[in-house]
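Chemist: Got a structure here, written out as structure tokens. Questions coming.
Computed from the coordinates by the stated procedures, all read-outs in this text should not be read as laboratory data. These numbers come from a predicted model, not from an experiment. Every residue, glycine as well, gets a Cβ built from its backbone with ideal geometry; the counts of neighbours run over all protein chains shown.
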Amino acid sequence: MKIEELQKDIQAYAKTIGIDKIGFTTADIFTEMKERLRRQQELQYQSGFEKGSIEERTEPQRLLPESKSIISIAVAYPSRMEKTPRGTKGDRRGIFARASWGIDYHVALRERLDKLGEYIKKRVPDAVIKSMVDTGELSDRAVAERAGVGFSGKNTSIITKEYGSFVYLGEMLTNIPFIPDSPIEDGCGDCTICLDACPTGAIVQGGQLNAQRCIAFLTQTKDFLPEEFRTKIGNRLYGCDTCQQVCPWNRGKDSHFHKELEPEPELVKPRLKPMLHLSNREFKEKFGHMSGSWRGKKPIQRNVILALGHYKEVTAVDDLIAIMKNDPRPVIRGSAAWSLGKIGTDVAREALSHALEKEDDEQVQYEMENALFAMTAN
Ligand code: SF4
């Protein structure tokens, strides 16, 4: 069978199973990326969520020794939702980033890659295949860039001409020597809109991100959020879309092709106060199918607390006091103290003073003292 013919058939089949764009590249080493990753490591710009060594992340044959090529897939997702619920004073809402809308995209892409793999195996019975989505060693973005799915923007997203950067990416290593597609031309030019718009200055320079300052990463950490970022995360509960929202390539891009990727407005923009009291089971039942829940309840609840402080939501004071006094998790007690300091009512001040007398954890004590100090200074 001719490779060209098989490739064309794969492209056509991919469309029928909800893959919006597909590209092919070699399984050669990602040499440039290797250098970039080494620099990122030296500068401590990595998130810590990366899987595998630099070699595994850049040398496809370490993952599948027989690999000759890589298929990159992209699935477009919505950027707008119908009937966005609006938060109001007394009833504030948080927001999950678009990559957490609909069902967990890892599941959605895995299903597509499995179907694609089955199809290829039917056509080429001795095909060897290994698929990955996001959490694999290979960089989805580096593969997509080399396979011509999109160009790599200064905001480090892959930007497709058809769907902007609102695409999920996955890839498949295979021993079939497909004909590689050519990378597409860079489309950023002199633009620096995303660098200027990033709330924390996390995009150090075009294409270089300091993950330790990136709000998308920070919303997923489980520890105390460094103070300089607490007001900057605003009402974000998971992820941050700012550098994508401002990008001119995303203007008017809003793909509603896949039912399972459609957002449930009440879940992706949930009321904040009820989230303070969710049990683990309730959290799992409600949010467990979303990619934004992958780190569990704690980081989301910490962000809920910070968002209430950001809004200076007076009606949350009693709830926050109860949490500050009774929650077993120091991060949650300390974050509640910070928010009470921001809200700054007399009741909050009194509660902070009392709680400080009984608090054993040094970091929480520090948060309480700081909150009291900030209230006095104001
Ligand atoms: Fe490139 Fe401008 Fe988009 Fe940033 S905002 S990714 S610089 S086009």
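Chemist: Just want the answer: with Cβ charges of +1 for Lys and Arg and -1 for Asp and Glu, which residue in V133, I103, L113 is farthest toward the dipole's positive end in segment 100-140?
Modeler: In segment 100-140, that residue is L113.
Chemist: Charges only on Cβ, +1 for Lys and Arg, -1 for Asp and Glu: so what's the dipole of the chain about the Cα centre, in debye to the nearest 20?
Modeler: Working: 55 positive and 55 negative charges, 158 e Å.
So the dipole magnitude of the chain works out to roughly 760 debye.
Chemist: Taking H as built 1.01 Å from N, whose amide H comes closer than 5 Å to the amide H of G136, not counting residues under 5 places away?
Modeler: Under 5 Å from the amide H of G136: no residue qualifies.
Chemist: What is the magnitude of the charge dipole of segment 58-169 about its Cα centre, with +1 placed on the Cβ of each Lys and Arg, -1 on the Cβ of each Asp and Glu, and no other charges, expressed in debye to the nearest 20?
Modeler: On the way: 20 positive and 14 negative charges, 105 e Å.
Approximately 500 debye in magnitude.
Chemist: Ok, one more. My understanding is that a pair violates if its Cα-Cα distance is over 27 Å; which of K34/K68; K83/K342; K269/K297 do that in this structure? List each step's numbers first, then the result.
Modeler: On the way: K34/K68 19 Å; K83/K342 31 Å; K269/K297 16 Å.
Over 27 Å Cα-Cα: K83/K342.
Chemist: Ok, one more. Share of antiparallel DSSP beta bridges in the chain, in percent to the nearest 5? Mind dumping the intermediate values first?
Modeler: On the way: 25 of 27 bridges.
Rounded to the nearest five, the antiparallel share is 95 percent.
Chemist: Which whole-number percentage describes the relative contact order of the chain, with Cα contacts under 8 Å and a sequence gap of 6 or more? It would help to have the intermediate numbers written out before the result.
Modeler: Numbers: 695 pairs, mean separation 74.3, N = 378.
Relative contact order, the chain: 20 percent.
Chemist: In Å and from the alpha-carbon atoms only, list the Rg and Dmax of segment 290-335.
Modeler: In order Rg, Dmax, the Cα atoms of segment 290-335 give 11.1, 31 Å.
Chemist: Which trypsin sites (Lys or Arg not before Pro) in segment 58-88 pass both tests, a DSSP loop state and at most 14 other beta-carbon atoms within 10 Å? Don't skip to the end; give the middle numbers.
Modeler: On the way: sites: R62, K68, R80, K83, R86; in loops: K68, R80, K83, R86.
Filter output for segment 58-88: R80, K83, R86.
Chemist: Let me ask something else. I'd like the GluC sites (Glu not before Pro) in segment 138-184 restricted to DSSP loop residues with at most 16 other Cβ atoms within 10 Å, sorted by number.
Modeler: Working: sites: E145, E162, E171; in loops: E162.
Taking segment 138-184 and a limit of 16 other Cβ atoms within 10 Å, the loop GluC sites (Glu not before Pro) found are E162.
Chemist: Additional query: Provide Rg over Rh for the chain; use the alpha carbon set for both Rg and the Kirkwood Rh (inverse mean inverse pair distance).
Modeler: 1.03
Chemist: A further question follows. Quick check: from the Cα gyration tensor, does segment 81-216 come out rounded (a/c under 1.5), prolate or oblate? Spell out each step's value before the answer.
Modeler: Details: a/c = 2.50, a/b = 1.48, b/c = 1.69.
Oblate.
Chemist: For segment 21-135, what class follows from the C-alpha gyration tensor (a ≥ b ≥ c being the square roots of its eigenvalues): rounded when a/c is under 1.5, otherwise prolate if a/b is larger than b/c, else oblate? Can you show the working numbers first?
Modeler: Details: a/c = 3.20, a/b = 1.43, b/c = 2.24.
Cα axes put segment 21-135 in the oblate bin.
Chemist: If the rule is a partner Cβ under 4.7 Å, which cysteines in the chain fail it?
Modeler: C188, C191, C198, C214, C240, C247
Chemist: Helix 330-343 sits at what angle to the longest principal axis of the chain, using alpha carbons and giving 0 to 90 degrees rounded to 10?
Modeler: In the chain, helix 330-343 runs at an angle near 60 degrees to the longest axis.
Chemist: Before rounding to the nearest 500, sum -39500 (n - 2.57) across all DSSP H runs of length at least 4 in the chain and divide by the residue total; then give [θ] at 222 nm in deg cm²/dmol. Show your work: numbers first, answer last.
Modeler: Numbers: 17 runs with 158 residues, N = 378.
Value at 222 nm, helices only: -12000 deg cm²/dmol.
Chemist: Round to a whole angstrom and tell me the spacing of the C-alpha centers of segment 303-371 and segment 27-76.
Modeler: 42 Å
Chemist: Tell me whether segment 211-305 comes out rounded, prolate or oblate; compute the Cα gyration tensor, take square roots of the eigenvalues as a ≥ b ≥ c, and use a/c under 1.5 as the rounded threshold. Can you show the working numbers first?
Modeler: Values: a/c = 2.10, a/b = 1.14, b/c = 1.84.
The shape class here is oblate.
Chemist: Once every Cα of segment 270-349 carries one equal point scatterer and solvent is ignored, give the base-10 log of I(q)/I(0) from the Debye formula at q = 0.24 Å⁻¹, two decimals.
Modeler: -1.10
Chemist: Just to confirm my numbers, what's the Cα centroid distance between segment 221-261 and segment 130-159 in Å?
Modeler: 19 Å
Chemist: When a footprinting reagent is the concern and you count Cβ atoms within 10 Å, what order do I95, I305 take, fewest first? Don't skip to the answer; put the middle values down first.
Modeler: Details: I95 20, I305 30.
With the fewest neighbours first, I95, I305 line up as I95, I305.
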